[in-house]
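Okay, structure first, notes after.
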Amino acid sequence: MLPEFDLLRPNTMPEALAMLAEQDPDVLPLAGGTNLIVELRDGHRSPKKLVDVSRLRELHGISREEGHLVVGSGTTIAELLTHPLIAEHGRPLRQAAALLGNPLVRNRATVGGNLANASPAADTAPPLLALGAEAELVSRNGTRRVPLRDFMTGVNQTLIRPDELLASLRWPAPPARSAAGFYKIGLRKADACSVINAAAMVVWDEGRRCREARIAIGAAAPRPVRAPAAETALQGRPLEPGVIEEAAHLAAQATEPIDDIRGTAAYRRRMAEVIVRRLLTQIAEAAGKWEVEI
Ligand SMILES: Cc1cc2nc3c(=O)[nH]c(=O)nc-3n(C[C@H](O)[C@H](O)[C@H](O)COP(=O)(O)OP(=O)(O)OC[C@H]3O[C@@H](n4cnc5c(N)ncnc54)[C@H](O)[C@@H]3O)c2cc1C
């Protein structure tokens with residue numbers, strides 16, 4: 001059964017921020033409710049007040065601004081799936097959206113809720129880390145931006161202060177010579193929490209050598225992680241099988257997985273290597289095709 005709480009429904013951002021600024025630890029933002037309402041029902045949380053942020057127009061919309069993609073935190077997962085700017089400049093995020101939950105969940109769940117909930121297995125986190133996203137946080141005291149890699153600090157922990165809202169996510173539009181992808185392993189094909197997930201993005205030069213790489217892995221540490229040693233190992237090198245093999249191995253070393261009901265730590269580490277290798281192989285194929293097309 002749901003515990004009792006007051007549902008506050010602000011129509012404007014100043015109203016919402018004033019409600020959160022009460023500094024009452026018992027006040028929580030509510031977006032789609034697909035995590036929060038489940039937690040209330042299970043008795044894991046018992047806030048006295050929920051601030052419904054779904055009417056705040058500032059949290060909605062997907063746009064391109066000064067070479068960056070900007071996605072409002074209130075954007076639903078279903079909207080990510082159909083928006084042309086995400087198809088063009090956020091391919092791994094679109095792939096993750098297609099595999100998150102089921103159609104009912106995707107219609108309500110928001111990207112902001114997915115990140116603010118900070119599950120280690122959150123499916124939108126690795127793609128946004130691979131894209132190099134920043135999170136914009138807003139409060140009555142102003143706005144601040146933090147790299148997404150610093151935003152999630154542990155299991156269900158983020159840098160969001162109680163008086164702040166996650167307003168948007170932004171990342172630089174990927175250059176022409178780049179490719180990116182997302183991969184997820186669950187216990188079944190649909191409506192499954194990730195046992196392991198990963199995303200990668202590579203930018204290459206005229207000689208098809210890697211100029212920049214970002215690799216992110218989820219469900220294998222207290223928070224989704226980047227794999228810096230693997231990224232460095234790719235720098236300046238062509239995406240050949242031996243190089244990919246080495247990077248995938250290093251990426252798996254960046255994980256700190258645990259045994260749980262969905263899989264063992266050893267399985268997760270092994271699969272991290274497998275899916276990063278697959279992603280980099282697909283990116284190498286895309287790089288090859290790009291060369292042929294010019
Ligand atoms: C059946 C089912 C299947 C699911 N499958 C998946 C899956 O495959 N992959 C996956 O990653 N997740 C999955 N989820 C989890 C959930 O749907 C997602 O995490 C979803 O994106 C959460 O978004 P929401 O808008 O519903 O968040 P809410 O439940 O409204 O909020 C989640 C948390 O974020 C906070 N919050 C929300 N918005 C803001 C904001 N703007 N600023 C600050 N804090 C905020 C809330 O206070 C709360 O703590 C599933 C859930 C269900 C019920």
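The values are calculated or read from the model by the stated rules, or taken from the named source; none is laboratory data. Please read all numbers here as calculations on a predicted model, not as lab measurements. All Cβ positions, even for glycine, are placed from backbone atoms using ideal geometry, and neighbour counts span all protein chains on display. When the accessible area is computed, the model is the full protein with side chains, heavy atoms only, and any ligands, DNA or RNA have been set aside. Shrake-Rupley method; radii C 1.70, N 1.55, O 1.52, S 1.80 Å.
When the range 191-205 is limited to residues that are touching a helix residue (DSSP H, G or I) at 6+ places or on another chain (Cβ under 8 Å) and more than 9 Å from the ligand (Cβ to nearest atom), the one that is nearest to E88 (Cα to Cα) turns out to be M201. Among the residues making up the range 157-172, those that are surrounded by fewer than 17 Cβ atoms within 10 Å (Cβ to Cβ) and within 17 Å of the chain's Cα centre (by Cα) are Q157, L159, P172. Do you know which of the residues in the range 84-112 that are out of contact with any strand residue (DSSP E or B) (no Cβ under 8 Å at 6 or more places or on another chain) and within 30 Å of P175 (Cβ to Cβ) is nearest to the ligand (Cβ to nearest atom)? Per the criteria, the residue is L100.
Tell me yes or no: at least one residue of the range 59-76 is outside any strand (DSSP E or B), open to solvent by less than 40 Å² (accessible area, probe 1.4 Å), more than 8 Å from the ligand (Cβ to nearest atom) and within 18 Å of A122 (Cβ to Cβ). Scanning the range 59-76 turns up at least one residue that is outside any strand (DSSP E or B), open to solvent by less than 40 Å² (accessible area, probe 1.4 Å), more than 8 Å from the ligand (Cβ to nearest atom) and within 18 Å of A122 (Cβ to Cβ).
Considering only the range 11-23, state which residues are touching a Leu at 6+ places or on another chain (Cβ under 9 Å) and more than 12 Å from the ligand (Cβ to nearest atom).
Selection gives N11, T12, E15, M19.
Taken together, T143, T124 contain a single residue that is of a type in the set (V, I, T) and more than 9 Å from the ligand (Cβ to nearest atom), which is T143. One residue stands out among those in the range 24-40 that are β-branched (V, I, T) and more than 15 Å from T75 (Cα to Cα): the one that is farthest from the ligand (Cβ to nearest atom), which is V27. Among the residues making up the range 104-156, those that are in a strand (DSSP E or B), among the hydroxyl-bearing types (S, T, Y) and open to solvent by 20 Å² or more (accessible area, probe 1.4 Å) are T143, T153. Screening E246 on (1) open to solvent by 20 Å² or more (accessible area, probe 1.4 Å); (2) modelled with pLDDT of 95 or more; (3) part of a loop (DSSP other than H, G, I, E, B) shows it passes everything except condition (3). Search the range 180-196 for residues that are within 16 Å of E273 (Cα to Cα) and among the hydroxyl-bearing types (S, T, Y) and pair each with any residue that is within 11 Å of the ligand (Cβ to nearest atom) and open to solvent by less than 60 Å² (accessible area, probe 1.4 Å) when their beta-carbon atoms are under 8 Å apart and the residues are at least 6 apart or on different chains. Listed pairs, sorted by first residue: Y183/N197; S194/A121; S194/D123; S194/K184; S194/G186; S194/G218; S194/A219. Within the range 40-58, the residues that satisfy the criterion of being open to solvent by less than 50 Å² (accessible area, probe 1.4 Å) and under 13 Å from E4 (Cα atoms) are L40, P47, L50.
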